[in-house]
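Right, one structure below, let's go through it.
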Amino acid sequence: KQTLSQAVMETLSIIAYKQPITRMDIELIRGVKCDYAINVLINRQLVKEVGRMDTPGRPILYGTTDIFLKSFGFSSLEELPPIEA
């Protein structure tokens, strides 16, 4: 088991709740660049490319993996805790 930094955990949380989502949308939510965090998540196989948007530039869409679910003890995304408003 390896720990994830606060920035990486925030990025992972955004992807888990908003997937499929682009890097630009993640950065708009977080307010900072997230290239490093996304690369860490991809390297640890917690996040993967799930497609591309059909817009100019065809940005990558990210989503979580089965390894993410197993690592956090979920059997499906429906088990994620509700977001407090």
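Order the peptides 76-83, 41-48, 65-72 from the highest to the lowest mean number of other Cβ atoms within 10 Å of their residues.
So the peptides 76-83, 41-48, 65-72, ranked by packing, come out 41-48, 65-72, 76-83.
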Practice prompt. Please report, as a whole percent, how much of the solvent-accessible surface of the chain comes from carbon and sulfur atoms (probe radius 1.4 Å).
Written response: 53 percent
Discussion item. Just to check I understand the Karplus step: with θ = phi - 60° and J = 6.51 cos²θ - 1.76 cosθ + 1.60, what whole-Hz values come out for the range 59-71, glycine and proline as x?
Written reply: x, 6, 9, 10, x, 7, 10, 5, 5, 4, 4, 5, 4
Item to complete: Round to the nearest 10 and give me the degree value, 0 to 90, for the angle of helix 6-18's Cα axis relative to the longest principal axis of the chain.
Response: 80 degrees
Worksheet entry | Local electrostatic count at G63 - Lys and Arg +1, Asp and Glu -1, tallied over other residues with Cβ under 9 Å | 0
Item to complete: Give the shape of the chain as rounded, prolate or oblate, defined through the alpha-carbon gyration tensor: a ≥ b ≥ c are the square roots of its eigenvalues, a/c under 1.5 means rounded, and otherwise the shape is prolate if a/b is larger than b/c and oblate if not.
Response: rounded
Fill in: In Å², nearest 10: area of R23 left accessible to a 1.4 Å probe
90 Å²
Practice prompt. Please list the non-local residues whose amide H lies under 5 Å from the amide H of V50, H modeled 1.01 Å from N, same-chain partners needing a gap of 5 or more.
Written response: L61, Y62, G63
Worksheet entry | Amide proton proximity set for L80, modelled H, under 5 Å, gap of 5+ | none
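The values are calculated or read from the model by the stated rules, or taken from the named source; none is laboratory data. Source: prediction; values computed, not measured. Here Cβ is always computed from backbone atoms with ideal geometry, including for glycine, and neighbour counts include all displayed protein chains. When the accessible area is computed, the model is the full protein with side chains, heavy atoms only, and any ligands, DNA or RNA have been set aside. Shrake-Rupley method; radii C 1.70, N 1.55, O 1.52, S 1.80 Å.
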